[in-house]
Amino acid sequence: MIHMDRNTSPISPLSDAAIAEVVKGTHIHEYPSNEITRFKQLYADYYGIDSSTVEVANGSDEWIQKAIMTLGQNGVMTLAPDFVMYHEYAQQVDVPVHTVPCNEDFQFDFEQVIRSVEEKKPSLFLISVPHNPTGQMFADSELKALADAMEGVGGYLVLDEAYFEFAHAYKRPEGSHVLIIRTLSKMFGIAGLRVGIAIAEGETFRKITRLNHPYPVNSLSLNLASRIFEDGAALDAFVRYQLDSKARLAEAFSQVSGKINIIESHTNFIFTYGRHARSLGTYLLQNGYQPRMYDAAPLGDVVRYSIIRPEDYDELNQLIKEWSNQYDQEGKSNKGDEDLHITR
């Protein structure tokens, strides 16, 4: 089974030899003080930011949890849908969650979002940029209006940038109330190492890091992550690999853009929805490609596909073409409004 349901890299950024070398050089009998400092500096240098504004934790999920615990006491607000763990972590600490729903095409009215902020006055707004699960990118003006609204109610804004390396550059809103959360799980392909990044300044930085452990990430994870950022040429090649796979994924599904609804993606996955999206998803599943399907509203007719290895795209394209041809034949047979049940 070829998995397209995990939103992770199809390959590792490090060779077996590189991993073995890092393992051999890791001092597991010592606490990872130097390893933390070294990784934060490498990461900061890569993005051209101040390392004193960077902190690490055990995955970006831990930063989401810490942000809710330290900044969200008077209520959390998010979009519906958005990353499901926002709700999970808020419920763990009995923090109320307010949501702003999308329309039938999974788009959001930011005037409605701002009105909701002003009405509910949440102390924390969590938003994924680019958006998870749809892959869409919000306008700079929309995000600035949201940041201004949160500042106006004395709250904080979390920009969850798990997929931002797959998107075009955007003008992120600034302010002491803005917190950025990132991960190395998506573009950099090390989901299993659990390295999450928080970027903030001043009192916001102090608030979210006060719950951090003295050594929040283990030595081996930090050393492997540092190895990725030490080799600039290899990292550039790996990023190109990921972006090329994303482009091939979008091209594959463009074949059926007139038969199912597809949102332009700025992530490593494609979001499809509509009356026949599950038919295509089921057909691909029956033939060895595992997509992500949902049951709960408003995602009941949504199927999502993440990037795969280049060598797996030829068969995927063929399967999509087969489904599309059968779709056309079913239409010519006057199938009417019944659901499509296409088999190979």
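The values are calculated or read from the model by the stated rules, or taken from the named source; none is laboratory data. The structure displayed is predicted, hence computed values, not measured ones. Because the Cβ atoms are built from the backbone with ideal geometry, glycine has one as well, and the counts that use them run over all protein chains shown. Surface accessibility is based on the protein's heavy atoms, side chains included, excluding ligands, DNA and RNA. Shrake-Rupley method; radii C 1.70, N 1.55, O 1.52, S 1.80 Å.
Structural remarks
- When each of the peptides 191-204, 151-164 is scored by the mean number of other C-beta atoms lying within 10 Å of its residues, the order from highest to lowest reads 151-164, 191-204.
- Listed values [x] 21.4, 65; [y] 20.0, 61; [z] 21.4, 71, entry calculated as Rg and Dmax of the Cα atoms in Å: [z]
- Simple spin-label estimate for ARG210 and ALA20 in nanometres, 7 Å along Cα-Cβ: 4.8
- Max mean-square fluctuation residue, GNM over the chain, Cα-Cα springs under 10 Å, options SER12, SER185, SER221: SER12
- All Cα-Cα separations within the range 228-306 were binned at 10 Å from zero, giving a P(r) of 17, 44, 23, 13, 3, each value a whole percent of the pairs.
- Surface share of carbon and sulfur [accessible, 1.4 angstrom probe, percent] for the range 251-316: 44
- Directionally averaged projected area (convex hull, Cα atoms, the range 86-187), nm²: 6.9
- The order of the peptides 20-28, 248-256 by mean Cβ neighbours within 10 Å, most packed first, is 248-256, 20-28.
- Charge sum, other residues only, whose C-beta stays under 14 Å from ALA18's C-beta, Lys/Arg counted +1 and Asp/Glu -1: -2
- Heavy-atom accessible area order for LYS120, LYS171, LYS246, largest first, 1.4 Å probe: LYS171, LYS120, LYS246
- Convex hull volume per residue in cubic angstrom - Cα atoms of the range 37-89: 112
- Per residue, the chain exposes 46 Å² of solvent-accessible protein surface, assessed with a 1.4 angstrom probe and all protein chains in place.
- Diffusion constant of the range 139-185 at 4 °C, which comes from Stokes-Einstein with the Kirkwood Cα-pair radius and 1.567 mPa s, µm²/s: 114
- Each of ASP295, ASP148 has its accessible area taken with a 1.4 Å probe; listed largest first, they run ASP295, ASP148.
- Taking the Cα centre of the chain as reference, the dipole from Cβ charges on Lys and Arg (+1) and Asp and Glu (-1) amounts to some 380 debye.
- When the solvent-accessible area of the range 1-102 is split by element, carbon and sulfur atoms take up 50 percent of it, the probe being 1.4 Å.
- Packing-based order for 224-230, 46-52, using average beta carbon neighbours within 10 Å, highest first: 224-230, 46-52
- Gain on full stretching of the segment that runs from ILE28 to ARG172 - 0.36 nm per residue minus C-alpha separation: 48.0 nm
- Coarse-grained scattering of the range 1-137 at q = 0.15 Å⁻¹, given as base-10 log I(q)/I(0) from a Debye sum over alpha-carbon atoms: -0.99
- Span-rule helices in the chain, defined as complete DSSP H runs reaching 24 Å or more along the axis (Cα) with Kyte mean at least -0.5: 232-254
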